[in-house]
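The values are calculated or read from the model by the stated rules, or taken from the named source; none is laboratory data. Quick caveat: nothing in here was measured; it's all calculated off a predicted structure. Glycine gets a Cβ as well: all are built from the backbone with ideal geometry, and neighbour counts include every protein chain shown.
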Amino acid sequence: MHPEFAPVAFLSAASLALPLPWHWRAGNVATLSIIAWLFIMNMIYGINAVIWAGSARITAVVYCDITTKLTIGGNFALPAACLCLCIHLERVASVRAAQTTAADKRRRTIFELAMCWLLPIIFMALHYVVQGHRFDIVEDFGCRPATYYSIPAIFIVWVPPLTMAAASLVYASLAIRHFMHRRLSFAMHLQARSSALTTSRYLRLILMAIVQLVWLVVTTAYTLWFSSMTLNLRPWTTWADVHSNFGRIQTWPAIITPAVILRGACTLWWMVPASTWIFVAFFAFGNDAVEEYKRVLNVVLSGARRALPEGFLSEKKRDLKGFSLPSFVKGSVPLGDSSSSTRKDSLPDKAVLPVNRSVTMTTTTSTVVSSMPPPYSLPPPPPPQKYTSPLDSLDYSADADRISISSSVDTSGYTIEILPETPSTSSSTPPSPSSPQYPRSPSSQGSHVVDDYYYTSSPQDSLPHDIPAPPSLPPPTHMPDEAHISPSHAVPSRPPAFPPYPFARDMRPAASEPMSPRPITYPSMSPTHRDIASVFPGGRR
């Protein structure tokens, strides 16, 4: 008993539908013929396994007459289709024809139809010459063609498939040689020939053809060897002697059949599904096959949508609109502030949404509080730029703390100095004991007014009114070490602006700088050098 025969054969036949759409659109007669003959052979094997499972009774005689001839035709059709495919691939890879015309395509189609269908029919008819009786029935395997094993049978049944397989291998070798010769420009070569093939498709076809041919050679050689081992070579005498008692049907029950014959029959049976799997493996997992799977899936889904009652999907959508999450799920999701648009029916009862994005939700059964981190606040902006001295701007107005200078101030006797630390009297926050070096208010003992940048002026230079300091002004971070700083060398808390005029450095005697790299051109007390330095407007003479 072989219960696995039927499902394996039917699944192999069904798997051929995977690469069928692409080959059908491509119009490749050779590959379509391979698919058709493999499908026929698998269906015959599957039906035979169902009818004659565990028995060798004589039944379905007409069916056996047809299927035995189709089995003989399949033994010729598969190598013939591989030969047509290899001839086409070799022609595509060669440079004998730059373009393929419509007449060339028509001649190729006729040739492939003749090789894949007409030639097998001829050999099916020729098999009658060496057919000793009607057919055989083997238990679990079904009906098998009967052959009178003789010299004419070898040349009619086994030699033609081997010859076509050998010729196919020659053409496949030439095709690979052409491909390797122009492998770098092969894609452009295919495009120039206006071929539907791509490089990947070409390689898959040629590799599939080679593997199938090697497998067919092995299968045919094994069949010939098995027949020579189990049957004696008989002489061809006369037509009447060979076809005597032609209507006889030979049965082979498993209980009386030699084990070697059963093992050989089982091996020959598995060769057809194996050939199918080889073909499917080369074409069922490529990009073209994947695109076909997606297209078929879309067709099935569209048909399923049309099969649903009208309004079914819209009702489902309406049901989903009224759906609301439980309270413990809602509390874990930030809902935003109160200005966001939210459906009222999707919120729990007594929901409180504060503006600070901390969501507190209260229900009749549970209270869920979801706190978020406090919002990020930017630091206060830096204070406005302070000038180093009134000389930098005649309209300087220090609005930071306590001093205001306008264009009416007499700057001739203006000095900048640092007063000793004094406790603050007008600041809103008293200075910290740990940091007494930051005076924030004018001194109550001296006659000068101090601002945040430690500029001082006489009482007559300051305005009669005071401007209070803003509360957000940060304390200065640097305290100069010098007690008295002249206006031209005052060190502000930030670098001063670049002067709007060129500046000439001081003139020094060259003798005072012996390591100067340019002692001659270096400014000195020489009259010539003084004249050169005087051309600079900002120079000091």
Point to revise | Subset tally (residues that are among the small types (Gly, Ala, Ser) and not in a helix (DSSP H, G or I)) for segment 117-143 | key: 2
Revision key, fill the gap. All conditions in (1) more than 54 Å from the chain's Cα centre (by Cα); (2) at pLDDT below 90; (3) of a type in the set (Phe, Trp, Tyr) are true of Phe246 except (2)
Point to revise | Hits in segment 241-250 (condition: in contact with a Lys or Arg (Cβ under 7 Å, 6 or more places away or on another chain) and either exposed (fewer than 14 other Cβ atoms within 10 Å of the Cβ) or over 14 Å from Ala56 (Cβ atoms) (or both)) | key: Phe246, Gly247, Arg248
**Study point:** Out of Pro258, Pro253, sole residue that is loosely packed, with under 11 Cβ neighbours inside 10 Å, of a type outside the set (A, V, I, L, M, F, W, C) and under 23 Å from Glu139 (Cβ atoms)
**Key:** Pro258
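Which of the helices (runs of 4 or more DSSP H) contained wholly in segment 196-312 include at least 1 residues that are assigned by TED's automatic domain parsing to the domain that holds Val170, of a type in the set (S, T, N, Q) and in contact (Cβ under 8 Å) with a residue 12 or more places away in the chain? Before you say what the answer is, go through the steps one by one.
Details: elements: 199-230, 239-242, 259-283, 287-307.
Correct list: 199-230, 259-283, 287-307.
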Revision key, fill the gap. When segment 8-31 is checked residue by residue, the ones that are without any contact (Cβ under 8 Å) to a residue 12 or more places away in the chain and part of a helix (DSSP H, G or I) are Leu11, Ala14, Trp24, Arg25
